[in-house]
Each structure stands twice: as C-alpha cells, then as structure tokens.
C-alpha cells in the first residue's frame with residue numbers, strides 16, 4: 001500500500017497569552033490555565049481574529065513531563081462569521097529544550113508540538129469546516145505567544 005497523507009494549509013494563527021493561573025499539582029499532573037488574550041489568523045480561505053474573552057488553554061503537564069493541551073476559542077472572521085475552535089494536543093521534549101521552547105528560544109525541530117483542531121459553525125459560508133480533519137504544528141514565540149500552522153488533511 002503506497003498511500004500518502006495529502007494536506008493543504010488551512011491557516012496560520014498567532015495567539016497572545018496571558019498570565020498562567022497555576023492550579024498546582026493534581027491527581028493528573030500539574031495543571032495551569034492560560035488565558036488567550038487575542039490573536040490573528042490568516043489562510044487561503046479564511047482570516048480574522050480571536051474573539052476577546054472567549055479563549056483559553058487548560059494545560060496539563062503529566063508526571064512524565066509531557067504537556068497535554070486542551071484549548072478552546074471563538075474565531076471571528078473578517079466577513080463576520082463566528083467559528084468555535086477547540087483542540088487537544090501534545091507538547092513534549094527534553095526538559096532543557098522545553099524551558100527554552102516556552103521562552104520562544106528553541107527551534108521547532110527540537111521538540112514535538114502538535115494539535116488536532118476541530119471546528120463548529122452554523123455560518124453557511126464556512127459549513128465545510130465542520131467536517132475538516134486538521135493538524136496543527138506549534139511553536140512558542142518570544143513575548144509569551146504561540147504560533148500554529150494548521151493543515152487540512154485531504
């Protein structure tokens with residue numbers, strides 16, 4: 001079988017992050033909640049911004065050091081559609097690399113940062129998003145921001 005995975009760029013998004021709300025060590029690992037305070041996205045078929053006060057990450061660092069992402073936000077397109085975006089993901093690497101990655105100082109190939117976005121909208125122009133399978137490749141930027149390249153798996 002010689003199948004290959006085909007994909008096309010859906011959008012790139014940069015999220016501005018707020019101060020971490022440290023829940024502390026729980027039965028599942030160390031929990032931190034990070035508000036997403038704003039951001040922009042742009043791709044071939046959609047662009048806009050993250051709707052203020054609708055976004056956050058409920059992150060968990062497991063005892064083995066692997067970060068598990070649980071993110072939710074509302075995207076507002078430039079043509080006035082609202083899209084609910086949620087994704088889970090993995091943020092993993094050697095402890096020293098992860099510390100640098102959080103400061104935006106590590107190269108993307110040094111650590112693993114992947115997400116699986118899902119979309120919900122009732123806007124007729126974007127109903128196609130409701131059935132998209134997508135993968136995001138993440139990296140931290142200086143100034144406590146995160147950037148993703150999100151691909152539609154064809």
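Any read-out appearing in this document is the output of simple, stated calculations on the displayed coordinates, not a laboratory observation. Computed from a predicted structure; not experimentally measured. Glycine also receives a Cβ, built like all others from the backbone with ideal geometry; neighbour counts cover every protein chain displayed.
Side notes on the structure shown:
- Residue of 28, 126, 87 that the Gaussian network model of the chain assigns the largest fluctuation, springs spanning Cα pairs under 10 Å: 28
- Candidates 27, 40, 118: whichever shows maximal mean-square fluctuation once the chain is modelled as a Gaussian network with Cα springs under 10 Å: 27
- Gap separating the Cα centres of the range 83-154 and the range 29-60, nearest whole Å: 10 Å
- Estimated inter-spin distance, residue 137 and residue 116, nm [label 7 Å along Cα→Cβ]: 2.0 nm
- Label of the coordinate-derived value, P(r) over Cα pairs in 10 Å bins from 0, in percent, listed as (1) 10, 35, 31, 18, 6, 0; (2) 11, 43, 36, 9, 0; (3) 11, 40, 34, 14, 2: (3)
- Shape call, the range 1-75: gyration tensor on alpha carbons, a/c limit 1.5: oblate
- Normalised by the number of residues in the chain, the average gap of Cα pairs under 8 Å and 6 or more apart makes the relative contact order 22 percent.
- The chain: most fluctuating residue of 135, 50, 23 per GNM, C-alpha cutoff 10 Å: 23
- Between residue 127 and residue 90, the FRET efficiency estimated from the beta carbon spacing at R0 = 22 angstrom works out to 0.15.
- At R0 = 22 Å, FRET efficiency that the Cβ-Cβ distance of residue 109 and residue 28 yields, to 0.05: 0.15
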